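The values are calculated or read from the model by the stated rules, or taken from the named source; none is laboratory data. Just so you know, these numbers come straight off a predicted model, no measurement behind them. For neighbour counting, all protein chains shown are included, and Cβ atoms are generated from backbone atoms with ideal geometry for every residue, glycine included.
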Amino acid sequence: MPKIYNCYTNLNKFGGAELIALTLTKELKIPNYSSELLLFSSDKINENYDLKELKCNTLSPRNFFSLRKEDIVFSHHRKCTTILMFLQLVFNHKFIIIHVAHNEFYSLKRITIFPNRIIAVSERVKENLINYFRIESNRISVVHNGIKDCFVNYEQKKSNDIKILYPARITEIKQQTEIVKHLTNNIPAHITIYFAGEGDKVEELCSLIKYKNQFKFLGYINIQEHIENYDYVMLCSLVEGLPTVLLEACMNSKPIICNNVGGNIEILENGKNGFLANNYSELIDVLKVLPDNTSEDYLNMSKYSRKVFENKFTLDKMIQGYKKYVYDI
């Protein structure tokens, strides 16, 4: 029986691209194909991943040469894709490689090898592949990320205080430390921003917010278990693809605050399900007029967020997009 593989470098970090690879391994069911997760390394798998009921393997010489020409490998990391393409060319070993582009990149252009078949998770990522990597448009298809609908229709506690959740790896790219530096003493006293995640900037972030009551550090949390306690979800990264945390916000009927990177504005409709802020000055202005959850404006944005999720980003829509792609090969 031929196989569909979803390939990633390793699972030592908890992130959106990794979760999409796992989700596709579990949910993408193609008749006459079995499904398997393929890792370049199985060391230090993050404890927050659920690998139950998944067939998981690591790439070894034996596994590489056991791939058959009808096997399909969805590679979710450009390092994996480049290595697989290189090995395929060197050994003339035929199988189908499909690169799934999860992010915008502006580096390593000359040493990155892409296959003929590419899926971009957003229109903005497709533009990045065309404009920076000079890939022909007809080689790229867009299939938006989708997530399982876990929404629970709870009654939100009404309050004039505003709690904003910023769920992302604590890194330079996600800009948590810069946000604290720019927003300190510049936002209304009734707003608190909660940073959730892990990463190499945790120590610096905790040092910055130590005596600042409007910023809190939560560490890693399961967003679905805690999101009802927050009014907005914010993400202002330097680069993105199609961030699953914003999809989770919409799924849970939460308005979002974000900047125009990656596929963010394919999720955000400015003024309808949240607010766009492309620099710190704009972000401060947004926070100064942010509706609290007692207002009709907030209620309308919440409803529209849920509508955006149902129309564009359900798990079923993503799976159908990948199925159609496979059937068209």
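General observations
- Any hit, region 212-223, residues being in a helix (DSSP H, G or I) and surrounded by 17 or more Cβ atoms within 10 Å (Cβ to Cβ): yes
- 2 or more residues in contact (Cβ under 8 Å) with a residue 24 or more places away in the chain: qualifying strands (runs of 3 or more DSSP E) within region 1-107: 3-8, 34-39, 72-75, 96-101
- Against the numbered list (1) within 20 Å of Phe313 (Cβ to Cβ); (2) out of contact with any Pro (no Cβ under 8 Å at 6 or more places or on another chain); (3) aliphatic (A, V, I, L, M), Ile187 comes up short only at (1).
- Filter result for the condition that a residue is in the same structural domain as Ile265 (by TED's automatic domain parsing) and surrounded by fewer than 22 Cβ atoms within 10 Å (Cβ to Cβ), over Glu127, Glu136, Glu172: Glu172
- Scanning region 81-129 for residues that are touching a Ser or Thr at 6+ places or on another chain (Cβ under 8 Å) and either over 24 Å from Phe313 (Cα atoms) or modelled with pLDDT under 95 (or both) gives Thr81, Thr82, Leu84, Ile97, Ile111, Thr112, Ile113, Phe114, Pro115.
- Residues satisfying the stated conditions in region 102-116, i.e. among the β-branched types (Val, Ile, Thr) and either outside the structural domain of Thr81 (by TED's automatic domain parsing) or under 17 Å from Glu136 (Cα atoms) (or both): Thr112, Ile113
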